[in-house]
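Engineer: I'd like to ask some things about the structure below.
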Amino acid sequence: MKALVVEDDPTIADFVAKGLREAGFAVDVAGDGQRGLSLALETRPDVAIVDVMLPTLDGLALIETLRRRRVNTPVLILSARHTVDDRVRGLQAGGDDYLTKPFAFPELLARVQALVRRATATVEPTRLDVGDLHMDLLGRRVTRQGHDIDLRPREFALLEYLVRNAGRVVSKTMILSRVWDYNFDPRTNVVDVLVHRLREKIDRDFEPKLLHTRRGIGYVLSADQPATAR
């Protein structure tokens, strides 16, 4: 999942981005409204968190512009304004939810996840399986053949993306756009390095091998039995 954070306070922006990344999101951050609008139009994130008071273009104008351009990315508005009228203006501008500062990150994350669920009109699974590999998305736990596999946040995010696309080849560019931030150079070898680390953990001591390289194309996670989600 890709999230966009548009916030001019570096402390808040870093706090939110760090928490979302630890929850498995790839996160782009913009420090002003105009940059946030450009990123939203270019990357079409799954969800956006937008502050109201922004330089160059305020948050409500940003949201209104997105809606005029028929961009339906769900938006969580952040604001220090607490009145009912402020919340109403935010929702009327096209925001989908409104959270006042200061806030607790678990609440922000819960609201973001709810927006994504509503936008996709699906019930998000809490567990993903490919063959004998199992991912508990709520507990952030991975097991294979009954053995716990300890993954770092980025490894977990990559594995989740591969599992959700099990049986389909995903390119390095696709992985960069969903697991990393927008500004990564597509010529970098970070994908190869991360895939190698992940393969060492999920495949080295197990058979059959699940993670395969398609030279010149990308990577595919596959098993003899189809992927399931529940």
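Engineer: List the lysines whose Cα sits under 22 Å from the Cα of K18, skipping any in the same chain fewer than 8 residues away.
Structural biologist: Of all the lysines, those that pass the test against K18 - Cα under 22 Å, at least 8 places apart if same chain - are K2, K101.
Engineer: Treating the beta-carbon of each Lys and Arg as +1 and of each Asp and Glu as -1, no other charges, what is the dipole magnitude of the range 1-88 about its Cα centre, to the nearest 20 debye?
Structural biologist: 440 debye
Engineer: Under the 0.36 nm per residue contour assumption, what length would be gained going from the current alpha-carbon distance of R152 and D85 to full extension? Mind showing how you got there, number by number?
Structural biologist: Working: separation 67, 0.36 × 67 = 24.12 nm, distance 4.28 nm.
Gain on stretching R152 to D85: 19.8 nm.
Engineer: Another one. Can you list residues from other chains, or at least 5 along the same chain, whose modelled amide H is less than 5 Å from the amide H of V50?
Structural biologist: Result for V50 returns V6, L76, I77, L78.
Engineer: Specify the residue with the greatest mean-square fluctuation among R178, R204, R87, computed from a Gaussian network of the chain linking alpha-carbon atoms under 10 Å apart.
Structural biologist: The residue with the greatest mean-square fluctuation here is R204.
Engineer: How many percent of the accessible area of the chain is carbon or sulfur, using a 1.4 Å probe?
Structural biologist: Taking all protein chains in place, the chain shows 51 percent carbon and sulfur surface.
Engineer: Continuing with this model, one more query. Considering only the chain, what is the antiparallel percent among its DSSP beta bridges, to the nearest 5?
Structural biologist: 50 percent
Engineer: Using a/c under 1.5 as the rounded threshold, could you call the range 53-155 rounded, prolate or oblate? The axes a ≥ b ≥ c are square roots of the C-alpha gyration tensor eigenvalues, and prolate needs a/b larger than b/c, oblate otherwise.
Structural biologist: prolate
Engineer: With N set to the number of residues, divide the alpha-carbon radius of gyration of the range 78-210 by 2.2 N^0.38 Å and report two decimals.
Structural biologist: 1.34
Engineer: Once the piece of chain linking F105 and R69 is laid out straight, how much longer is it, given 0.36 nm per residue of separation minus the C-alpha distance between them?
Structural biologist: Gain on stretching F105 to R69: 9.9 nm.
Engineer: How about K209: which lysines have a C-alpha closer than 21 Å to its C-alpha, ignoring those fewer than 8 places off in the same chain?
Structural biologist: K172, K201
Engineer: Let me ask something else. With +1 assigned to the C-beta of every Lys and Arg and -1 to the C-beta of every Asp and Glu, and no other charges, what is the dipole magnitude of the range 1-153 about the Cα centre in debye, to the nearest 20? The partial results should precede the final answer.
Structural biologist: Numbers: 21 positive and 23 negative charges, 81 e Å.
Dipole size: approximately 380 debye.
Engineer: Now for a different question. Heavy-atom accessible area per residue, the chain, 1.4 Å probe: how many Å²?
Structural biologist: For the chain, the solvent-accessible area averages 51 Å² per residue.
Engineer: Hull surface divided by four, with the convex hull built on the Cα atoms of the chain: how many nm²?
Structural biologist: On the way: hull surface 52.2 nm².
Projected over every direction and averaged, the Cα hull of the chain covers 13.0 nm².
Engineer: Using a Gaussian network model of the chain with C-alpha springs under 10 Å, which one of G59, G36, G167 is most mobile by mean-square fluctuation?
Structural biologist: Result: G167 has the largest fluctuation of those listed.
Engineer: If we sort 102-113, 155-166, 205-216 on the protection proxy, mean other Cβ atoms within 10 Å, highest first, what's the order?
Structural biologist: Numbers: 102-113: 14.1, 155-166: 21.2, 205-216: 12.5.
With the highest mean Cβ count within 10 Å placed first, the list reads 155-166, 102-113, 205-216.
Engineer: Which one of M53, V84, T73 has its Cα pushed farthest toward the positive end of the charge dipole of the range 1-101, where Lys and Arg give +1 and Asp and Glu give -1 at the Cβ?
Structural biologist: T73
Engineer: Right, here's the next one. Using a 1.4 angstrom probe with every protein chain in place, what is the largest-first accessible-area order of K2, K18?
Structural biologist: Details: K2 10, K18 115 Å².
From most exposed to least exposed: K18, K2.
Engineer: To the nearest 20 Debye, how big is the dipole of the range 83-176 about its Cα centre, given +1 on the beta carbon of each Lys and Arg and -1 on that of each Asp and Glu?
Structural biologist: 220 debye
The values are calculated or read from the model by the stated rules, or taken from the named source; none is laboratory data. Since we're looking at a predicted model, the values are computed, not measured. A quick note on method: Cβ atoms are made from the backbone with ideal geometry, for glycine too, and the neighbour counts reach across all protein chains shown. Accessible surface is based on the protein model in full, side chains and every heavy atom, while ligands, DNA and RNA are left aside. Shrake-Rupley method; radii C 1.70, N 1.55, O 1.52, S 1.80 Å.
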